[in-house]
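J.: So that we are looking at the same thing, I have put the structure below in structure tokens.
The values are calculated or read from the model by the stated rules, or taken from the named source; none is laboratory data. What you see is a predicted model; the values in this text were computed from it and never measured. Backbone-built Cβ (ideal geometry, glycine too); neighbour counts: all protein chains shown. SASA here: full protein model, heavy atoms, side chains in, ligands and nucleic acids out. Shrake-Rupley method; radii C 1.70, N 1.55, O 1.52, S 1.80 Å.
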Amino acid sequence: QVQLVESGGGLVQAGGSLRLSCVAPGRTFSTLSMGWLRQAPGKEREFVAAISWSGGITYYADSVKGRFAISRDNAKNTVSLQMNSLKPEDTAIYYCAASRLHYGLTFASSFSSWGQGTQVTVSS
């Protein structure tokens, strides 16, 4: 298990931006694939974005492609999600997650460690 601590959620109007961050203390961060997933009320947890251990490969859900950008800084043990052009349907609890796998990163089941989640609310 890897400890993950998210920050940066909040309330924003449609069309606005938010930046989520996740810190993972410890020496293994640079070996882990990282991802962001979200869960809206009454819905299953869904994949949003993922990034390989080196940062060289990124994956996005179709619903956020072109609006969200995932990045990581292995020197700071941090992964971030820049969210632009937010829509009311982006409202959810966003979870940072870590995986020891280097494939299948668009599936929630590939992630073995999870943060506590941070609420993102987009008003219309």
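J.: Can you work out the FRET efficiency for the pair residue 44 and residue 106, with r the C-beta to C-beta distance and R0 = 22 Å, to the nearest 0.05?
T.: Plugging the Cβ-Cβ distance into 1/(1 + (r/R0)^6) gives 0.95.
J.: Let's test the formula: R0 of 41 Å, r as the Cβ-Cβ distance of residue 87 and residue 31. What FRET efficiency results, to the nearest 0.05? Walk me through the intermediate numbers first.
T.: Values: r = 34 Å, r/R0 = 0.84.
Result of the calculation: an efficiency of 0.75.
J.: Rounded to whole Hz and in sequence order, give me ³J(HN,Hα) for region 56-69 from the Karplus expression 6.51 cos²θ - 1.76 cosθ + 1.60, θ = phi - 60°, writing x for Gly and Pro.
T.: x, 10, 10, 10, 9, 5, 4, 5, 10, 4, x, 10, 10, 9
J.: Report the FRET efficiency, 1/(1 + (r/R0)^6), for residue 63 and residue 3, where r is their Cβ-Cβ distance and R0 is 41 Å, rounded to 0.05.
T.: 0.90
J.: Taking loop as defined by DSSP and a crowding limit of 12 other beta carbons within 10 Å, which chymotrypsin sites (Phe, Trp or Tyr not before Pro) in region 1-79 fit?
T.: Passing both the DSSP loop test and the Cβ count: no residue.
J.: Using a simple spin-label model with points 7 Å from Cα along the Cα→Cβ vector, what separation in nm is obtained for residue 54 and residue 119?
T.: Output for this residue pair reads 4.1 nm.
J.: Straight distance only, please: which lysines reach the Cα of residue 43 with their own Cα at less than 24 Å, same-chain residues fewer than 8 apart left out?
T.: Reachable lysines: 65, 87.
J.: What's the magnitude of the charge dipole for the chain around its Cα centre, counting Lys and Arg as +1 and Asp and Glu as -1 at the beta-carbon? Answer in Debye, nearest 20.
T.: Using only the charged Cβ atoms, the result is roughly 200 debye.
J.: While we're on this one: May I ask you to give the solvent-accessible area per residue for the chain, in square angstrom, as obtained with a 1.4 angstrom probe?
T.: On the way: 6290 Å² over 124 residues.
Per residue, the chain has an accessible area of 51 Å².
J.: Within a Cβ distance under 14 Å of residue 80, other residues only, what is the Lys/Arg minus Asp/Glu net charge?
T.: Summing Lys and Arg as +1 and Asp and Glu as -1 gives +1.
J.: OK, next. Given points 7 Å out from each Cα along the Cα-Cβ axis, report the residue 73 to residue 17 separation in nanometres with one decimal.
T.: Distance between label points: 1.6 nm.
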